[in-house]
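Some notes on the structure that comes next.
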Amino acid sequence: MPSYIDWVRAFCLTLPHTTEDVQWEHDLLFRIAGKMYCVANMEPQLVPTKIAFKCTPEKFAELVEVEGIIPAPYMARNHWVAMIEMDALRQPEIKELIQNSYRLVLEKLPKKKQAELIAKTPAKARPSKRAPVAKRRK
């Protein structure tokens, strides 16, 4: 199994309510509430893409200009990109893009489903709401 699979899998499984399964014979899918947010190709010798994920239309346009990143086959119309070279971006950037993909998919879920997922999330794993900082008087 390619080395990128290990860290992509480990990272995706840290995101709340992520499930994983193999589909289409060689793709490892990461989902939230049954909706894909990242796909990792476990056999890159068969297909050139390594991982694919969703992004905003603006980020999609930016990323497809980077050498080693292409519009994802079959999913480009939904603003998915595919990495054919894992060194096209640094690992922290890839993780941030995967996390943004997760957030985009989560935000598109029905409000009822989102509420169910939030209710199941332990309090310490939820994003905290910071209290506004008082302005200093001069």
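The values are calculated or read from the model by the stated rules, or taken from the named source; none is laboratory data. From a predicted model like this one, the values you see are computed outputs, not experimental measurements. FYI the Cβ positions are ideal-geometry reconstructions off the backbone, even for glycines, and counts take in every protein chain you see.
Listing for the model above:
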quantity	calculated
Tally of residues being in contact with a helix residue (DSSP H, G or I) (Cβ under 8 Å, 6 or more places away or on another chain) and over 19 Å from I84 (Cβ atoms) across region 1-29	7
Top-ranked residue in region 7-57 [being basic (K, R) and in a strand (DSSP E or B); ranked as surrounded by the most Cβ atoms within 10 Å (Cβ to Cβ)]	K54
Every pair of residues 6+ apart whose Cβ atoms lie under 6 Å, when the first sits in region 1-30 and is without any contact (Cβ under 8 Å) to a residue 12 or more places away in the chain while the second is surrounded by fewer than 14 Cβ atoms within 10 Å (Cβ to Cβ)	L29/D21; L29/Q23
Residue within region 82-90 that is under 13 Å from the mean Cα position of the chain (by Cα), modelled with pLDDT of 90 or more and of a type in the set (K, R) present	no
Flag if I94 is assigned to a helix (DSSP H, G or I), closer than 22 Å to R9 by Cα, modelled with pLDDT of 90 or more and not acidic (D, E)	yes
Complete set of residues in region 61-86 that are without any contact (Cβ under 8 Å) to a residue 12 or more places away in the chain and not in a helix (DSSP H, G or I)	E65, P71, Y74
Every residue from region 106-121 that is among the acidic types (D, E) and surrounded by 10 or more Cβ atoms within 10 Å (Cβ to Cβ)	E116
